[in-house]
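Visitor: One structure coming up, written as structure tokens, with questions to follow.
Readers should treat all values here as calculations from the given coordinates under stated rules, not as data from a laboratory. Just so we're clear, the structure is a prediction, and the values are computed from it rather than from any experiment. Note that we place each Cβ from the backbone using ideal geometry, even for glycine, and neighbour counts take in every protein chain shown.
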Amino acid sequence: MARMPRNKQKKIATTCIIIYRQMVVMVMAIIVDLIYLLSILNIKVPKPITYIFDNSLEERCYARILNLRPIIQGSDVACLDNLRMDRACFYKLCEMLRDVGGLQGNRNTSLEEIVALFLFTLSHDTKNRRTQLYFRRSGETISRHFNLVLKVVLRCHHILFKKPEAVTENCQDERWKWFKNCLGALDGTHIKVRAGDKDKVRFRNRKGELTTNVLGVCTRDMQFVYVLPGWEGSAHDNRVLRDALSRRNPLKVPQGNRKFAFF
């Protein structure tokens, strides 16, 4: 195969360099025109989008404070909207979980943030991913703190669950004066759940929704004294009640004329 002459090779190389330089000049001219156009229109160029946990530790901590402070320190309205309780009730709950349940914060997460994370998830029925975005935490941290607070709340059941008082003979309440010696009311309620394919039939109620049938017992002022969760949505209320009365730690009704009203 004949070799290309040296002079011709130099001409081709020179031509390529000239074309490359012209392309660079054209690109730079386009960039300058775009910058000038943006400055005239007063358009701000957005920063590149980065993953939420790629920022520095200081920036993440500052973002968490900015999100949490308006909720628990801003106003009672904001606290009610996000946590379903006012600020005084929130701090009393934190004190109870700390003093009675032994809940403690750590060097990375305060006690108030852990409790707020738990209440926020329950109040809005949010998924783990949304709570991650709001509190700037990883999914593992959200799950671990939620389960930790849940265990402490169950540990404080003797304080959270009230002892019922019977309706007296001289009761003046128009709703309860007809139920002498009544301790409260009990009823079943259906709470929506997510079930696997194998369990969907058992958890589907008569309305076609996937729920769990929960038995709740309340006093006259709507304070819970007994809760039995876990039954499938297809289970009848009578079956749930029989289970509540026959368990190792059953629903106990005091002897005598004491009774509960069924609704």
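Visitor: Which of the trypsin sites (Lys or Arg not before Pro) found in region 206-240 are in a DSSP loop and have at most 16 neighbouring Cβ atoms, other than their own, within 10 Å? Don't skip to the answer; put the middle values down first.
Guide: Details: sites: Arg206, Lys207, Arg220, Arg239; in loops: Arg206, Lys207, Arg220.
For trypsin sites (Lys or Arg not before Pro) across region 206-240 that sit outside H, G, I, E and B with at most 16 neighbouring Cβ atoms in 10 Å, the list reads Arg206, Lys207.
Visitor: Along the positive direction of the dipole of the chain (beta-carbon charges: Lys, Arg +1; Asp, Glu -1; about the Cα centre), which of Pro164, Cys61, Gly196 reaches farthest?
Guide: Ranked along the dipole, the leading option is Gly196.
Visitor: How about region 130-214: which chymotrypsin sites (Phe, Trp or Tyr not before Pro) there lie in a loop by DSSP and see at most 11 other Cβ atoms within 10 Å? Numbers along the way, then the final one.
Guide: Details: sites: Tyr134, Phe135, Phe146, Phe161, Trp176, Trp178, Phe179, Phe203; in loops: Phe161, Trp176, Trp178, Phe179.
Counting only loop positions with at most 11 other Cβ atoms within 10 Å, the chymotrypsin sites (Phe, Trp or Tyr not before Pro) in region 130-214 are Trp178.
Visitor: Something else about it: Percent antiparallel among DSSP beta bridges with both residues in region 182-262, to the nearest 5?
Guide: Details: 15 of 19 bridges.
Taking every DSSP beta bridge with both residues in region 182-262, the antiparallel ones total about 80 percent.
Visitor: Before anything else, pin down the relative contact order of region 182-262: Cα pairs under 8 Å, at least 6 apart, normalised by residue count, whole percent. Please list the in-between numbers first.
Guide: Numbers: 135 pairs, mean separation 27.9, N = 81.
For region 182-262, the relative contact order is 34 percent.
Visitor: I've got another one for you. Within 10 Å of each candidate Cβ there may be at most 15 other Cβ atoms; applying that plus a DSSP loop requirement, which trypsin sites (Lys or Arg not before Pro) in region 89-171 survive?
Guide: Numbers: sites: Lys92, Arg98, Arg107, Lys127, Arg129, Arg130, Arg136, Arg137, Arg144, Lys151, Arg155, Lys162; in loops: Arg107, Lys127, Arg136, Arg137, Lys162.
For trypsin sites (Lys or Arg not before Pro) across region 89-171 that sit outside H, G, I, E and B with at most 15 neighbouring Cβ atoms in 10 Å, the list reads Arg107, Lys127, Lys162.
Visitor: Only bridges with both residues in the chain count here: give the DSSP antiparallel percent, nearest 5. Before the final figure, lay out the partial values.
Guide: Numbers: 15 of 19 bridges.
The answer is about 80 percent antiparallel.
Visitor: Which FRET efficiency value, to the nearest 0.05, is calculated for Asp173 and Glu58 with the Förster distance at 41 angstrom and r the Cβ-Cβ distance? Intermediate values should be presented prior to the final figure.
Guide: Working: r = 57 Å, r/R0 = 1.38.
After rounding to 0.05, the efficiency reads 0.15.
Visitor: Now for a different question. Specify the inter-centroid distance of region 80-96 and region 107-146, based on alpha-carbon positions, in whole Å.
Guide: Here the two parts' Cα centres lie 15 Å apart.
Visitor: Roughly how tilted is helix 87-99, in degrees to the nearest 10 and between 0 and 90, from the longest Cα axis of the chain?
Guide: Roughly 80 degrees between the two axes.
Visitor: Mind giving me the FRET efficiency for Arg69 and Thr14? R0 is 51 Å, r the Cβ-Cβ distance, nearest 0.05 is fine.
Guide: Working: r = 66 Å, r/R0 = 1.30.
So the FRET efficiency works out to roughly 0.15.
Visitor: So, R0 is 35 Å and r is the distance between the beta-carbons of Glu140 and Lys200; what FRET efficiency does that work out to, to 0.05? Present the calculation step by step, with values, prior to reporting the outcome.
Guide: Working: r = 28 Å, r/R0 = 0.81.
Between Glu140 and Lys200 the formula returns 0.80.
Visitor: Next up: Anything over 23 Å Cα to Cα? Flag those among Lys92/Lys163; Lys92/Lys127; Lys163/Lys252; Lys92/Lys151; Lys127/Lys151; Lys127/Lys192, in the order listed.
Guide: Numbers: Lys92/Lys163 20 Å; Lys92/Lys127 26 Å; Lys163/Lys252 12 Å; Lys92/Lys151 18 Å; Lys127/Lys151 19 Å; Lys127/Lys192 14 Å.
In this structure, Lys92/Lys127 exceed 23 Å between Cα atoms.
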